[in-house]
Amino acid sequence: MKHTLSVLLQNKPGVLSRVTGLFSGRGFNIESLCVAETLDPGISCLTLVTRGDNSIIEQITKQLHKLIDVIKVTDISEKEYVEREMVLIRIKAEAQTRAEVLRVIDIFRGKVVDVSSRSYAVEVTGSASKIQALIDLLKPIGIKEIVRTGTIAMARASKNK
C-alpha cells in the first residue's frame, strides 16, 4: 500500500542524507521525495512516498523518530489530504501537431512555458494519475524530455477549524 509521509526536520547539512540512508540501509524504497524550507528557514518539510504494509510504515516512522534532526513524522495518507505534482514536458511541435498539442495542454489546464520552432515546453500540475494520463496522450506526438517534481502533500484542514 502507498503511504505519504510528511517529515518536519532541521534544515541542516546531511539530514536528508541520513533520512535516505535509513531507507536504503533497511531495503525500503522511496518512490518520491520532495523537500523545502517551511516558513521557518531552520525547518524543512520533507514529503516522502513509499510502499509497505502498516507494520513496515510503523517501523519506518519509529526509525525516523530516532534520527536526532527529525522533529515530527506524520503518515498523512491515514487522513484526508491534498497531493500535487508538477511536470515540465518538452514535446515535439511540428506544424501539423501544434494545434493538437495545445488542445491537449488546455484540457489538462497546463500552460506553455517555452516555445521553439520545433517544440513546446509545457507545465502541468495535478495528481500523479493526471500527470500520467497527460504523458500517455503526448507519447504518440513525441515527448523529448520530462522533468517531474515528485509528490507534495498536505493534510486537509478539519471542518471545525
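The values are calculated or read from the model by the stated rules, or taken from the named source; none is laboratory data. A quick note: this is a predicted structure, and the numbers were derived from the prediction, not measured. Positions of Cβ are backbone-derived with ideal geometry, glycine not excepted, and every protein chain shown enters the neighbour counts. The protein model used for the area step is the full one, side chains on, heavy atoms only, and it has no ligands, DNA or RNA in it. Shrake-Rupley method; radii C 1.70, N 1.55, O 1.52, S 1.80 Å.
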- Filtering the stretch 108-126 down to residues that are part of a loop (DSSP other than H, G, I, E, B) and surrounded by 15 or more Cβ atoms within 10 Å (Cβ to Cβ) yields F108, G110
- Task: Tally the residues that are of a type in the set (S, T, Y) and surrounded by 15 or more Cβ atoms within 10 Å (Cβ to Cβ), restricting the search to the stretch 21-49.
- Result: 3
- Residue pairs qualifying under the 8 Å Cβ cut-off, at least six apart or on distinct chains, with the first in the stretch 140-153 being within 11 Å of I91 (Cβ to Cβ) and the second being open to solvent by 60 Å² or more (accessible area, probe 1.4 Å) and of a type in the set (K, R), are I141/K92; G142/K92; I143/R90; I143/K92; K144/R90; K144/K92; E145/R90; I146/R90
- Task: Please work out which residue is nearest to R84 (Cα to Cα), limiting yourself to the stretch 127-148 and to residues that are modelled with pLDDT of 95 or more, assigned to a strand (DSSP E or B) and of a type outside the set (V, I, T).
- Result: E145
- Query: Filtering the stretch 56-69 down to residues that are open to solvent by 20 Å² or more (accessible area, probe 1.4 Å) and β-branched (V, I, T), which residue is farthest from K12 (Cα to Cα)?
  - Reply: I56
- Of all residues in the stretch 70-91 being open to solvent by 90 Å² or more (accessible area, probe 1.4 Å) and basic (K, R), the one that is farthest from S17 (Cα to Cα): K79
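Residue-wise test of (1) of a type in the set (A, V, I, L, M); (2) touching a residue at least 60 places away in the same chain (Cβ under 8 Å).
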{"position": "T4", "(1), (2)": "no, yes"}
{"position": "V7", "(1), (2)": "yes, yes"}
{"position": "K12", "(1), (2)": "no, no"}
{"position": "V15", "(1), (2)": "yes, no"}
{"position": "T20", "(1), (2)": "no, no"}
{"position": "G25", "(1), (2)": "no, no"}
{"position": "F28", "(1), (2)": "no, no"}
{"position": "S44", "(1), (2)": "no, no"}
{"position": "N54", "(1), (2)": "no, no"}
- Selection over the stretch 23-60 where residues are assigned to a strand (DSSP E or B) and either polar (S, T, N, Q) or farther than 22 Å from T149 by Cα (or both) yields a count of 4
- Task: Name the residue, out of S6, S17, that is of a type in the set (S, T, N, Q), modelled with pLDDT of 90 or more, assigned to a strand (DSSP E or B) and under 19 Å from the mean Cα position of the chain (by Cα).
- Result: S6
